[in-house]
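A quick write-up on the structure given underneath.
Just so you know, all these numbers are worked out from the coordinates, no wet-lab data involved. The shown structure was predicted, so the numbers you read here are calculated from the model rather than taken from an experiment. Every residue, glycine among them, receives a Cβ derived from its backbone with ideal geometry; neighbour counts consider all protein chains shown.
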Amino acid sequence: MIKQIIIQAAQQHDFELIHASSANLENSESMGEAISSLNEPPTYMLQHSGESKRFLTIIECSQLISPQQLNSIALQFAPDTFKSDPAFDKNTDLIILHRLKLRADFTKIENSIFAIEENPYYFKKYFLYYSDQELLLLDKHNFDSISRIVMDEREFSEYRDAPLEPTLYSIAARIYIKLPFIRIPIKESALKPLSVYVEEVVSELKLEKLFNTLTDFELQPLEKIAEILINEEMENLQA
C-alpha cells in the first residue's frame, strides 16, 4: 500500500519504473540475513530532466538493518544500466519503508533511524515508518487522495490537537516529508490587507480607543502624547 502510493507519487513527478535484472536477483543469496529482512526486492525508478538523471530506490524491510547493508542491497539489486551509470551513487534517493506495530514504537528505533539517514555513503537516505493502524487508515487511498488530505484544514486541526494519535493526516504528511522529489501542493486564496487583520484583532480585544490614540501619535507633539497617556491612565485608576 505505502509503496504503491510512493510509486504513484514518483510517476506523477516524471519517474519511470526500471526493473532489476534477473541475474541480480539470482545472486542475492550472498547477502544472507539482510536479504531475509526484505518484504520483496527493491523497486528502482529513473527520472530524466534534460541531460540530468535522478534515481530512486525503494526498499521495504521488516527488520532494521544497518546503513551499510542498505547500501549493499541497493547496489546488489540495481539494474545493470544503473550500475554502469556514474551518476547512480551520487544522484540516488533511497527510501526505506518500515512497518511498526504501534506508532509509539518509533521512540525505540529513533536512534537507528538517525544513523541511517545521516549515513554519508553512496545514497541519500529517507526513512519512512508507519504503524499498523495508519496502514489501515490508508486503505483505498492513493497519492491524489492523500495530497488532498495534506491540504485539508480540518484534518490538520485534528492532527494538531492529538499529534501522537494515528490519523490520515499524520501518515500523509510523513509521506510528503520523506519524499524529497515531491512538489508540495499550494492552496491559493485571496489575501486580505494587513490592516483588516489588525482591525479584527483590535476589535476582538476591545482596544479601539487605544488603537485610535496610537495611530494619531505621529500627528501629535511629544508633550501632547505624554498628556494623553497620563490622562488615560488616570481614568483607568479612577474607574
Links that overshoot a 30 Å alpha carbon limit, given the list LYS101/LYS178; LYS3/LYS124; LYS53/LYS101; LYS3/LYS83: LYS53/LYS101
Region 66-159: chymotrypsin sites (Phe, Trp or Tyr not before Pro) falling in loop per DSSP and having at most 15 other Cβ within 10 Å: TYR121
Region 81-168: trypsin sites (Lys or Arg not before Pro) in DSSP coil with no more than 12 other Cβ atoms inside 10 Å: LYS90, LYS101, LYS140
Calculated on alpha-carbon atoms, Rg and Dmax of region 2-178 in Å: 16.7, 51
